[in-house]
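> Take this structure, written in structure tokens, and hold onto it; I'll ask about it next.
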């Protein structure tokens, strides 16, 4: 089943509102932080307009908002996030660096 655009934008906006509320910010404060008007931000949360990708990336960079969840409704579990970090940095890890120092 394919999501209709209005259904997708509504879900996206609802998740943005949840994230904003979890951060304890008003729409006005979030809009200001992202460099847009409150009216524009409100139209994204209500699903009337699609938020620009640049603004979503800015939201992630400033507040650590999980874009997988905002865009797709999928939260990564902690284990998957740790695995991704390890996988990306494994060149820097050695067998001895993972072991506690003996003494």
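Rule-based calculations on the coordinates, nothing more; no lab input. Just so we're clear, the structure is a prediction, and the values are computed from it rather than from any experiment. Methodologically, a virtual Cβ is constructed for each residue, glycine included, from the backbone with ideal geometry; neighbour enumeration extends over all protein chains shown.
> Obtain the nm distance between the two label points defined at residue 8 and residue 21 by a simple spin-label model: each point lies 7 Å from its Cα along the Cα-to-C-beta direction.
If labels sit at residue 8 and residue 21, their model points lie 2.5 nm apart.
> Calculate, in nm to one decimal, what residue 37 and residue 75 gain on full extension: separation in residues at 0.36 nm each, minus their alpha carbon distance.
Contour length minus the Cα-Cα distance gives 10.8 nm.
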